[in-house]
1. Divide by every residue of the chain the summed helix terms, -39500 (n - 2.57) for each DSSP H run of at least 4, and state the resulting mean residue ellipticity at 222 nm, rounded to the nearest 500 deg cm²/dmol.
2. Starting from the Cα of A100, step 7 Å along the direction of its Cβ; do the same at E209; then give the gap between the two resulting points in nm.
3. Helix by helix through the chain, keep the DSSP H runs that span 20 Å or more along the axis on Cα and average at least -0.5 on Kyte-Doolittle, and give those back in order.
4. Applying a 10 Å radius around every beta-carbon, put 12-24, 51-63 in order of their mean neighbour count, most first.
5. Would you mind telling me the share, in percent, of accessible area of the chain contributed by carbon and sulfur at probe 1.4 angstrom?
6. Set the Förster distance to 22 Å, then compute FRET efficiency between H71 and Q185 from the Cβ-Cβ distance, nearest 0.05.
7. What is the sum of charges around Q220, taking Lys and Arg as +1, Asp and Glu as -1, for the other residues whose C-beta is under 10 Å from the C-beta of Q220?
8. Can you figure out the FRET efficiency of Q34 with A178, using R₀ = 25 Å and their beta-carbon distance, to the nearest 0.05?
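The values are calculated or read from the model by the stated rules, or taken from the named source; none is laboratory data. Computed from a predicted structure; not experimentally measured. Cβ atoms come from the backbone with ideal geometry, glycine included; neighbour counts cover every protein chain shown. Protein only, heavy atoms only, side chains kept; ligands, DNA and RNA dropped before computing areas. Shrake-Rupley method; radii C 1.70, N 1.55, O 1.52, S 1.80 Å.
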Amino acid sequence: MKPRLDSAQSARAAELRLSRLARLDDDELRAVRQAASFPQRLPAHRELVAEGAPAGEPHILLEGWMGRIRHFSDGRRQILSFILPGDRLGVGQQNQPRAAATVTALTPVLLCRAPQPRSGRVGAGLAEAYAMSAALEEQYMLRQIARIGRLSAHERLIDWMLEMYDRLELAGLAEADAFPMPLTQEALADALGLTSVHVNRTLQSMRRERLIEFRSGVIQLSDPRQLANMVDYRPPTMAGLSAR
């Protein structure tokens, strides 16, 4: 596979996110850029790994959105979690781990193998960044459980939007209270335990209430602090995020 000429640009989100989770030295930053120079492309709707299959090597998502999905025999699906640029996937603590859910590209994506962290105290930033990323992933999953279990449709969308903004901002992909949102309403429904009709009506209501603007694939949050108060939104409070 030939290296990409724009590998530095593709690696930017991953490099920025990992650097905000832990201090990376020059060798570690070069390792991230080098890994990004040999990317794998997947079109939208293509599976990377199926539930129960060997998880394979850990990867880092460089561009696009992916989801961990549980499919049901009657054709329904639940999007359990989202994988965003800079996130690490395919990680397991056991020998020869198997995928707990199907991992699918929700948009066209670009990903690369995750560089291995070095052992020892010198150059341990990548290992710390990976550990922080895993801890954040657990927080996101717990939030998803609470979101679906206790929040109304209106609250679920607000809470989800605030989380996506925080996560994309960590990777340098959101600013000024706005973030790109390339998903269909069907995908949103599958993530939030709603119907696509309900999602559509709720989005229209949020526009009328001037809580958000949504045009050309970008969501603009009118007042994130007000929205957070409405749903008791709690952003991650990990020490490694204080460098932002």
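1. Calculated mean residue ellipticity at 222 nm is -13000 deg cm²/dmol.
2. The modelled label-to-label distance comes out at 3.2 nm.
3. Going by DSSP H runs, the hits are 7-21, 125-150, 153-170.
4. Highest mean packing first, the order is 12-24, 51-63.
5. C and S fraction of accessible area: 49 percent.
6. The calculated FRET efficiency here is 0.70.
7. Every neighbour counted, the sum reads -1.
8. Efficiency computed from Cβ-Cβ geometry: 0.20.
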